[in-house]
1. Mind checking which residues of segment 423-444 are farther than 25 Å from Tyr479 by Cβ and touching a Phe, Trp or Tyr at 6+ places or on another chain (Cβ under 6 Å)?
2. Report yes if Asp353 is open to solvent by 60 Å² or more (accessible area, probe 1.4 Å) and at pLDDT 95 or above, otherwise no.
3. What number goes with the only condition from (1) assigned to a loop (DSSP other than H, G, I, E, B); (2) farther than 19 Å from Gly436 by Cβ; (3) in contact with a helix residue (DSSP H, G or I) (Cβ under 9 Å, 6 or more places away or on another chain) that Pro340 does not pass?
4. Here are some conditions: (1) within 21 Å of Gly295 (Cβ to Cβ); (2) in contact (Cβ under 8 Å) with a residue 12 or more places away in the chain; (3) out of contact with any helix residue (DSSP H, G or I) (no Cβ under 7 Å at 6 or more places or on another chain); (4) not in a helix (DSSP H, G or I). Pro361 meets all but one. Which one does it not meet?
5. If you take the residues in segment 216-235 that are among the polar types (S, T, N, Q) and either closer than 17 Å to Asp44 by Cβ or in contact with a Gly (Cβ under 7 Å, 6 or more places away or on another chain) (or both), which one is most open to solvent (accessible area, probe 1.4 Å)?
6. For Ser380, indicate whether it is among the polar types (S, T, N, Q) and either in contact with a strand residue (DSSP E or B) (Cβ under 7 Å, 6 or more places away or on another chain) or farther than 27 Å from Ser472 by Cα (or both).
7. Hey, could you check segment 148-202 for residues that are assigned to a loop (DSSP other than H, G, I, E, B) and hydrophobic (A, V, I, L, M, F, W, C) and say which is nearest to Thr439 (Cα to Cα)?
8. Just a yes or no: is a residue in segment 484-495 buried (at least 19 other Cβ atoms within 10 Å of the Cβ) and part of a loop (DSSP other than H, G, I, E, B)?
Amino acid sequence: MKKTGVLLIILMLAIIIAACSENSSTGEGNSTNDNNSGNNEIPDVVVGGELRIALNTQPPSLDPHVSTATATRDAARPIFETLVSLNSNYEVMPMLAERFEQSDDGLVTTFYLREGVKFHNGKEMIAEDVVASLERWITLSGRARNAIGDGVFEIINDYELTLTLPEPSVGALHVLGAQGQYGGIMPKEIVENAPNDGVEELIGTGPFEFVEWRQDQYIHYKRFEDYTSPEGTPDGLAGSREALVEDLYIDIVVDGSTRVNGVLTGQYDIGIAMPQDNFDQLNAQVHTETALASGSAFLFNKKEGLLTDPEMRKALNMALDYDEIMLAGFASPEFYRLSPGIMFPEQADWYTDAGSDNYNPNDPELAKQLFEEAGYNGESFRILATRDYDYIYNTAVVVQAQLERIGVNAEVDVVDWATMVELRSDPSKYDAFITGFSTVTDPTQHLIFDPNWPGWNDDEYTSELIESIRKSANPEEAYDYWEELQRYTWEDHLPYIRFGDFYDLFAHTNDVVGFSVFEGVIPWNVGKK
């Protein structure tokens with residue numbers, strides 16, 4: 001009898017626990033802080049209906065080869081896929097390649113393509129399409145050139161190709177799966193006729209095909225009926241993919257309050273880059289999630305103007321209070337952290353605090369002295385900014401105020417994001433601009449070290465160290481070179497200031513299932529109840 005009583009008590013406790021668990025999952029607010037929540041099991045939902053995602057800015061292009069903008073990444077992602085992809089641990093996994101093999105010396109990688117993969121125009125994807133796409137991408141992407149350099153792609157047959165490197169490259173495979181200005185695969189005939197400012201036909205292999213782009217309103221995609229998914233459990237950008245809605249809309253919603261109200265009323269199913277000031281309101285009514293997004297950075301124009309002088313750059317850095325700047329940009333310490341690392345602390349193989357003595361020095365009196373010694377004579381200091389990203393504008397305003405407090409004549413030039421992307425390529429238009437740098441898998445991929453990217457970090461010692469990292473014989477040697485480059489960047493050269501890291505806030509309505517973030521919202525494997 002005693003044994004039976006114990007069993008009954010255990011059974012009753014199990015029922016109570018199950019009931020409590022069920023009740024706790026029905027709350028409308030759901031906040032997580034999950035640095036890129038890459039796992040995305042395909043939910044059991046009926047395929048159909050539509051999904052509307054509110055994007056905070058107009059993409060400058062939908063061609064992933066030509067733009068580093070995160071808006072392009074997000075808007076191109078439903079259409080274009082890569083040869084390989086990254087899982088949530090940033091490991092290289094097959095995507096359009098079924099598998100790949102590397103030679104013992106790491107110089108030759110052979111890719112075996114999945115057969116039967118269709119483009120949205122009905123043509124089967126073969127090796128000539130992949131090679132044409134990647135060759136164009138390398139000519140346009142500084143990140144790709146840094147990692148692959150003079151590497152050569154060669155077609156072996158319709159479903160096999162090789163990449164041969166002249167020397168080892170620590171980041172070659174990872175950059176093929178990275179998402180910043182990524183190597184999306186397109187039909188060869190489209191690539192060969194594409195202008196450098198963007199392809200005219202948006203045809204890829206992704207789960208959704210392009211329908212229409214109404215400027216400043218929305219981008220419409222529809223489910224690709226002949227989509228062929230890779231295999232494997234969804235993880236980050238790797239694994240199986242399924243379009244669970246018939247129609248996908250990315251709505252261009254620049255105003256933050258409009259995105260908030262739209263998600264709260266159900267006009268939009270998912271909101272990107274939600275204003276952190278509205279976190280409590282959103283979290284009480286819908287589902288919210290934060291994900292490590294980027295490093296907030298202040299880029300200096302090193303081609304012409306005041307900041308061609310590194311002493312002027314050091315004086316400017318001395319004037320700034322990073323805590324005040326990050327708080328203005330992100331509303332609460334919950335959404336940012338101060339960190340001197342150019343690579344994220346989570347990237348244990350690369351993180352270093354080298355040069356941190358020059359991180360957040362915050363000495364306005366010394367800054368005045370350094371500006372005077374550098375020869376500053378009241379010239380206008382122009383900061384390029386946009387309201388399309390709240391943190392960019394808010395950060396710029398605080399930087400301006402901090403500089404004006406020590407007598408620097410600072411002004412903020414506010415434009416829309418697409419115009420800002422255009423203007424930052426013209427060295428006559430600004431002295432500095434604020435942007436975010438998303439995750440890269442090794443330091444050689446950082447745009448800040450590309451001498452041709454806006455800001456123009458055309459520095460001989462920087463280039464030598466990047467080459468040394470890329471060609472290192474082992475990870476330990478590569479790390480030593482990287483540690484020296486970060487020290488040199490902070491202490492001697494100072495091509496930019498990395499204020500710290502920040503988290504994006506996302507929100508979605510309570511009927512959305514399968515929501516996942518990895519380097520941006522994942523539009524596949526997500527549906528509605």
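1. Once the filter is applied, which keeps residues that are farther than 25 Å from Tyr479 by Cβ and touching a Phe, Trp or Tyr at 6+ places or on another chain (Cβ under 6 Å), segment 423-444 yields Arg424, Asp431, Ala432, Ile434.
2. Taking the combined requirement at face value, the residue satisfies it.
3. All conditions pass for Pro340, except number (2).
4. (3)
5. Thr233
6. Numbers: among the polar types (S, T, N, Q): yes; either in contact with a strand residue (DSSP E or B) (Cβ under 7 Å, 6 or more places away or on another chain) or farther than 27 Å from Ser472 by Cα (or both): yes.
When the stated conditions are applied, Ser380 passes them.
7. The initial filter retains those residues of segment 148-202 that are assigned to a loop (DSSP other than H, G, I, E, B), namely 149-151, 158-159, 165-171, 178-187, 193-202.
Among the residues that remain, those that are also hydrophobic (A, V, I, L, M, F, W, C) are: 165, 170, 178, 185-186, 194, 199, 202.
Values: Leu165: 24, Val170: 16, Ala178: 9, Ile185: 21, Met186: 25, Ala194: 28, Val199: 26, Leu202: 26 Å.
For segment 148-202, the residue satisfying everything is Ala178.
8. Yes, that holds for at least one residue.
The values are calculated or read from the model by the stated rules, or taken from the named source; none is laboratory data. Predicted model only: the values in this text are computed from it and were never measured. Cβ atoms come from the backbone with ideal geometry, glycine included; neighbour counts cover every protein chain shown. Surface accessibility is based on the protein's heavy atoms, side chains included, excluding ligands, DNA and RNA. Shrake-Rupley method; radii C 1.70, N 1.55, O 1.52, S 1.80 Å.
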